[in-house]
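One structure is given here, and the rest of the page talks about it.
The values are calculated or read from the model by the stated rules, or taken from the named source; none is laboratory data. Computed from a predicted structure; not experimentally measured. Counting neighbours? That spans all protein chains shown, and the Cβs are built from the backbone with ideal geometry, glycine included.
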Amino acid sequence: MPNSTFISVPHQVVRWSIDTGMSFADFRARYEAAVPVLDTDRLARLRAEHSDWGTVLDAAAENAPHGFMRFWSTDVGETMQLAGNPGDCAAYLMGNHTIAERMYRHDPAVMLYAPLRTAIHVDENRATRFSIDQPSTRFSTFDSPEIAAIGEELDRKVLHLLQVLDVVVPETLFSDGVNT
């Protein structure tokens with residue numbers, strides 16, 4: 001009988017790191033405008049009103065015009081500059097609880113990777129980059145076709161967000177089966 005008290009799932013993750021073609025300040029401002037902060041006050045009101053899921057879906061669509069909200073952020077560069085490190089970097093948790101729920105119903109462990117961790121940073125060549133682990137490479141590890149399909153949907157949503165932000169998305173990302 002297999003030991004079900006411990007599960008080990010080795011997997012490979014693909015990290016996307018895309019030159020935004022913009023300054024750090026410009027891209028960060030655009031990103032934060034396109035990916036608004038999660039409206040926790042509205043969620044609290046919906047909970048207090050015992051709103052149905054359809055109302056929650058509508059509220060999320062209003063809060064996330066491009067599919068994503070910011071659940072958390074920090075200015076990592078500002079902190080690291082205290083140690084004498086150069087460069088700008090901001091880290092975020094970006095996601096959408098209504099999309100996460102569609103995976104959660106199959107396996108709550110998906111919350112290990114939802115929301116998505118992202119970073120905006122300046123590299124050694126002074127290029128401002130947007131970095132994220134490709135969602136489908138994270139969510140495909142759950143041995144669930146439903147979760148894997150939503151991971152692929154998230155790939156497309158991330159690429160669409162970058163296009164909305166006027167970032168030139170490399171054709172190689174589309175040739176890997178990711179279409180917007």
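Sort out for me the helices (runs of 4 or more DSSP H) sitting completely within segment 115-176 that have 2 or more residues that are under 17 Å from Val9 (Cβ atoms).
135-139, 145-164
Determine if segment 31-50 includes at least one residue that is under 29 Å from His121 (Cβ atoms) and acidic (Asp, Glu).
yes
May I ask you to list the residues in segment 82-102 that are of a type outside the set (A, V, I, L, M, F, W, C), more than 16 Å from the chain's Cα centre (by Cα) and at negative phi?
Across segment 82-102, the qualifying residues are Asn85, Pro86, Asp88.
Given the options Ser23, Ser4, Ser17, Ser73, name the one that is at pLDDT below 95 and either hydroxyl-bearing (Ser, Thr, Tyr) or closer than 21 Å to His160 by Cα (or both).
Criteria check complete, one pass: Ser4.
Out of segment 115-147, which residues are under 23 Å from Trp53 (Cα atoms) and either over 11 Å from the mean Cα position of the chain (by Cα) or free of Cβ contacts under 8 Å to residues at least 24 places away in the same chain (or both)?
Glu146, Ile147
Look at Ser17 and say whether it is surrounded by fewer than 17 Cβ atoms within 10 Å (Cβ to Cβ), within 30 Å of Phe142 (Cβ to Cβ), under 17 Å from the mean Cα position of the chain (by Cα) and among the hydroxyl-bearing types (Ser, Thr, Tyr).
In short, yes.
Among the numbered criteria (1) in contact (Cβ under 8 Å) with a residue 24 or more places away in the chain; (2) closer than 22 Å to Asp143 by Cα, which single criterion is violated by Arg105?
Every condition holds for Arg105 apart from (1).
Answer yes if at least one residue in segment 56-70 is in contact with a Lys or Arg (Cβ under 6 Å, 6 or more places away or on another chain) and either among the hydrophobic types (A, V, I, L, M, F, W, C) or surrounded by 18 or more Cβ atoms within 10 Å (Cβ to Cβ) (or both), and no otherwise.
Within segment 56-70, one or more residues are in contact with a Lys or Arg (Cβ under 6 Å, 6 or more places away or on another chain) and either among the hydrophobic types (A, V, I, L, M, F, W, C) or surrounded by 18 or more Cβ atoms within 10 Å (Cβ to Cβ) (or both).
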